[in-house]
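Chemist: Quick one: the structure is below, questions incoming.
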Amino acid sequence: MTNEKRIYLSPPHIGDREQRYVQEAFATNWIAPLGPNVDEFERELAHKVSIKGALALSSGTAAIHQALRIAGIGRGDTVFVSTLTFIASVNPVLYEGAEPVFIDCDFETWNMSPQALERALIAARKENRLPKAVIVVNLYGQSADMDPIIELCHRFGVMVIEDAAESLGATYKGRASGTLGAFGIYSFNGNKIITTSGGGMLVSDNDDALAKARYWSTQSRDPALHYEHSEVGYNYRMSNVLAGIGRGQLQLLEERVRARRAVFERYEQAFRNAPGIQFMPEAGYGRSTRWLTAMTVNPRIAGVSAIELVRALEADNIEARPVWKPMHLQPLLRKYDYYPHTEQFSVSDQLFTQGICLPSGSSMSEQDQERVISGISHLMETRRATHESA
Ligand SMILES: *Cc1c(COP(=O)(O)O)cnc(C)c1O
């Protein structure tokens with residue numbers, strides 16, 4: 001084991017304005033959930049991504065859950081979900097007793113394959129069980145190719161929910177990622193590009209739907225002096241203290257995007273000619289934030305596998321991770337249907353076995369990044385040397 005300090009995958013990066021808003025909350029005793037920071041954070045975020053309304057919630061997962069409630073998802077319903085994602089994209093589907101069906105990605109974007117989506121929609125229509133919604137995930141800071149996805153969903157009359165938890169700050173054809181579907185969700189978990197330590201946001205141009213979700217997420221309190229309830233509700237609102245952190249963080253979003261992209265560019269510079277290494281491509285339709293730098297390692301060419309790299313970096317006290325394990329491979333979810341990119345080939349399976357996410361924090365120093373780069377180079381060179389002498 002090394003004595004060097006740990007380098008994290010994506011640690012929180014706090015600026016100097018957050019404390020002002022938090023202190024304001026303390027000074028005015030707005031420690032409760034709700035309060036002026038929450039209202040302002042919603043307004044400022046909606047303005048930032050150019051959408052009509054936003055609802056601040058306790059997590060991105062809660063935001064997905066509320067979007068599903070708006071879509072009227074319940075027992076016996078089907079929801080299509082990108083397979084290459086974090087489990088939080090799927091869990092709310094299970095909360096409502098609905099059935100997820102998983103859709104593969106393509107190599108060009110690592111996001112939902114329109115081709116697989118079309119096959120799944122055609123098959124679902126034949127069986128008379130079209131999904132009520134499609135949850136499109138925007139992976140590692142990059143928007144999915146939304147035009148063909150939305151076109152397909154319109155053709156089949158299916159609502160589009162964008163899980164933009166990882167893509168706040170990204171664009172698609174000039175528009176903010178997360179604002180292209182009927183509903184979009186963001187996450188402010190500690191590892192995301194900006195954070196409130198924990199929190200989320202539901203965004204939409206549909207004011208009525210947001211008002212409904214606002215009502216549900218405050219325990220469905222009906223208007224009355226006493227406590228009156230006619231629907232199931234949730235305690236899902238963001239606290240006014242945390243919203244203060246979010247207001248400060250939001251002002252830093254552009255800076256954070258630039259920093260993450262600079263981290264990516266240094267990795268790319270270092271490994272662009274390394275045999276067997278390929279970075280997640282940036283699609284031509286927009287800007288990726290490079291929230292996480294992700295790459296694939298072909299073990300037959302590189303002489304080392306992604307997992308070996310993760311382990312070797314861990315031995316140097318560096319946190320790297322395999323690419324998300326696809327949902328259709330999860331023990332919890334294996335029983336549900338899955339549509340690979342082509343009938344014969346699953347792209348996400350290959351990205352999982354060959355993919356690695358490198359430390360990508362916006363606060364990572366160039367020296368720290370040099371430690372990561374030399375750790376990888378060193379292992380690759382050692383492997384090639386043993387291979388050549390064998
Ligand atoms: C982080 C994340 C979420 C969940 O957000 P929380 O705020 O942690 O609940 C959802 N989807 C994806 C793809 C994520 O990465």
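The values are calculated or read from the model by the stated rules, or taken from the named source; none is laboratory data. Every value quoted in this text rests on a predicted model; they were computed, and no experiment measured them. Every residue, glycine as well, gets a Cβ built from its backbone with ideal geometry; the counts of neighbours run over all protein chains shown. Remember, those area values only see protein heavy atoms, side chains included, never the ligands or the DNA or RNA. Shrake-Rupley method; radii C 1.70, N 1.55, O 1.52, S 1.80 Å.
Chemist: Find how much the distance from residue 19 to residue 385 grows on full extension, using 0.36 nm per residue of separation minus their present alpha carbon separation; answer in nm with one decimal.
Modeler: Here the answer is 126.6 nm.
Chemist: Provide the per-residue ³J(HN,Hα) series for region 358-366, in order, calculated from phi with Karplus coefficients 6.51, -1.76, 1.60 and θ = phi - 60°, each as a whole number of Hz, with x at glycine and proline positions.
Modeler: With the stated coefficients, region 358-366 comes to 9, x, 9, x, 6, 9, 6, 7, 5 Hz.
Chemist: Could you give the accessible area per residue of region 1-65, probe 1.4 Å, as a whole number in Å²? All intermediate terms of the calculation are to be shown ahead of the outcome.
Modeler: Working: 3730 Å² over 65 residues.
Value for region 1-65: 57 Å² per residue.
Chemist: Further question: For region 179-263, what is the convex hull (Cα atoms) projected area averaged across all directions, in square nanometres? List each step's numbers first, then the result.
Modeler: Numbers: hull surface 29.1 nm².
That works out to 7.3 nm².
Chemist: If I take all pairs of Cα atoms in region 126-191, what percentage of them are more than 18 Å from each other?
Modeler: Beyond 18 Å sits 35 percent of the P(r) for region 126-191.
Chemist: Same structure again: Per-residue ellipticity at 222 nm for the chain, helices alone: DSSP H runs ≥ 4 residues times -39500 (n - 2.57), over residue total, nearest 500 deg cm²/dmol?
Modeler: Values: 13 runs with 150 residues, N = 390.
After summing the helix terms and dividing by residue count, I get -12000 deg cm²/dmol.
Chemist: Express the C-alpha Rg of region 37-103 as a ratio against the empirical globular expectation 2.2 N^0.38 Å, rounded to two decimals. Provide the component values of the computation, followed by the final result.
Modeler: Numbers: Rg = 13.9 Å, N = 67, 2.2 N^0.38 = 10.9 Å.
Relative to the rule-of-thumb radius for its length, region 37-103 sits at 1.28.
Chemist: Okay, moving on. Among 67, 164, 270, determine the one that fluctuates most according to a GNM of the chain built with springs between C-alpha atoms less than 10 Å apart.
Modeler: In this elastic network of the chain, the residue with the biggest mean-square fluctuation among 67, 164, 270 is 270.
Chemist: With the other protein chains left in place, how much accessible area per residue, in square angstrom, belongs to region 131-195 at a 1.4 angstrom probe? Can you show the working numbers first?
Modeler: Numbers: 1580 Å² over 65 residues.
Value returned for region 131-195: 24 Å² of accessible area per residue.
Chemist: Another one. With axes computed from alpha carbons, what is the tilt in degrees of helix 253-271 against the longest principal axis of the chain, rounded to the nearest 10 within 0 to 90?
Modeler: For helix 253-271, the angle is close to 20 degrees.
Chemist: From largest accessible area down, sort 51, 103, 31; use a 1.4 Å probe on the protein chains.
Modeler: Numbers: 51 20, 103 0, 31 75 Å².
Result of the area sort, largest leading: 31, 51, 103.
Chemist: Any idea what angle helix 306-315 forms with the longest principal axis of the chain, computed on alpha-carbon atoms, 0 to 90 degrees, nearest 10?
Modeler: Here the helix axis deviates by roughly 90 degrees.
Chemist: For the chain, find the longest principal axis of its Cα atoms and tell me its angle to the long axis of helix 60-70, 0 to 90°, nearest 10.
Modeler: Helix 60-70 and the main axis of the chain meet at about 50 degrees.
Chemist: Taking 0.36 nm per intervening residue step and subtracting the Cα-Cα distance, what contour gain separates residue 329 from residue 26 on full extension? Mind dumping the intermediate values first?
Modeler: Values: separation 303, 0.36 × 303 = 109.08 nm, distance 4.61 nm.
Result: 104.5 nm gained on full extension.
Chemist: Now for a separate question. Using the heavy atoms of the protein chains and a 1.4 angstrom probe, tell me the accessible area per residue for region 254-389 in square angstrom.
Modeler: Solvent-accessible surface per residue comes out at 48 Å².
Chemist: Would you rank 287, 247, 175, 75 by solvent-accessible area, highest first, keeping every protein chain in place and using a 1.4 Å probe? Please list the in-between numbers first.
Modeler: Details: 287 70, 247 30, 175 125, 75 195 Å².
Highest to lowest solvent-accessible surface, that is 75, 175, 287, 247.
Chemist: Heavy atoms only, probe 1.4 angstrom, no DNA, RNA or ligands counted: give me 324, 30, 110 ranked by accessible area, highest first.
Modeler: On the way: 324 65, 30 115, 110 10 Å².
Ranked from most to least accessible, the order is 30, 324, 110.
Chemist: Could you please report the charge total around residue 355, scoring K, R as +1 and D, E as -1 over all other residues with beta-carbon less than 11 angstrom from its beta-carbon? Mind dumping the intermediate values first?
Modeler: Values: positive: 321, 325; negative: 349.
Result for the local shell: +1.
Chemist: Please state the relative contact order of the chain as a whole percent: Cα pairs under 8 Å, 6+ residues apart? List each step's numbers first, then the result.
Modeler: On the way: 868 pairs, mean separation 94.1, N = 390.
Worked out over the chain, it gives 24 percent.
Chemist: Further, regarding this structure: So if I take the alpha carbon set of region 85-196, get Rg, then get Rh from the Kirkwood formula, what is the Rg over Rh ratio?
Modeler: Taking Rg over the Kirkwood Rh, I get 0.96.
Chemist: Starting at the first residue of region 186-198, write each ³J(HN,Hα) from the Karplus equation 6.51 cos²θ - 1.76 cosθ + 1.60 with θ = phi - 60°, in whole Hz, x for Gly and Pro.
Modeler: Those phi angles translate into 10, 10, 10, 4, x, 8, 7, 5, 10, 9, 10, 6, x Hz.
Chemist: How large is the direction-averaged shadow of the alpha-carbon convex hull of region 254-389, in nm²?
Modeler: Values: hull surface 42.1 nm².
With every direction weighted equally, the projected area is 10.5 nm².
Chemist: For the chain, what is the convex hull (Cα atoms) projected area averaged across all directions, in square nanometres?
Modeler: Details: hull surface 85.5 nm².
Result: a mean projected hull area of 21.4 nm².
Chemist: Out of the total accessible area of region 302-366 (probe 1.4 Å, heavy atoms of protein only), what percent is carbon and sulfur? Walk me through the numbers on the way to the answer.
Modeler: Details: 1450 of 2890 Å².
Ligands and nucleic acids excluded, carbon and sulfur give 50 percent.
Chemist: Over region 83-123, what is the relative contact order in whole percent, taking alpha-carbon pairs under 8 Å and six or more residues apart? Each step should come with its number before you reach the end.
Modeler: Details: 27 pairs, mean separation 12.4, N = 41.
Taking the mean separation of contacting Cα pairs over the length of region 83-123, I get 30 percent.
Chemist: Shifting gears a bit: Could you tell me the accessible area of residue 349 in Å² (1.4 Å probe, neighbours in place), rounded to the nearest ten?
Modeler: 50
Chemist: Would you tell me the accessible area of residue 341, worked out with a 1.4 angstrom probe on the heavy atoms of the protein chains, in Å² to the nearest 10?
Modeler: Answer for residue 341: close to 30 Å² accessible.
Chemist: Right, another one. Here are some pairs, 48/173; 52/325; 5/325; 48/192; 212/325; 132/335; which of them have Cα atoms lying more than 24 Å apart in this structure?
Modeler: As for pairs spanning more than 24 Å Cα to Cα, those are 52/325; 5/325; 212/325.
Chemist: Still on this structure, please answer the following. Residue by residue through region 285-296, which ³J(HN,Hα) values in whole Hz follow from phi under the Karplus form 6.51 cos²θ - 1.76 cosθ + 1.60 (θ = phi - 60°), with glycine and proline marked x?
Modeler: 7, x, 9, 8, 7, 6, 3, 10, 6, 10, 8, 10
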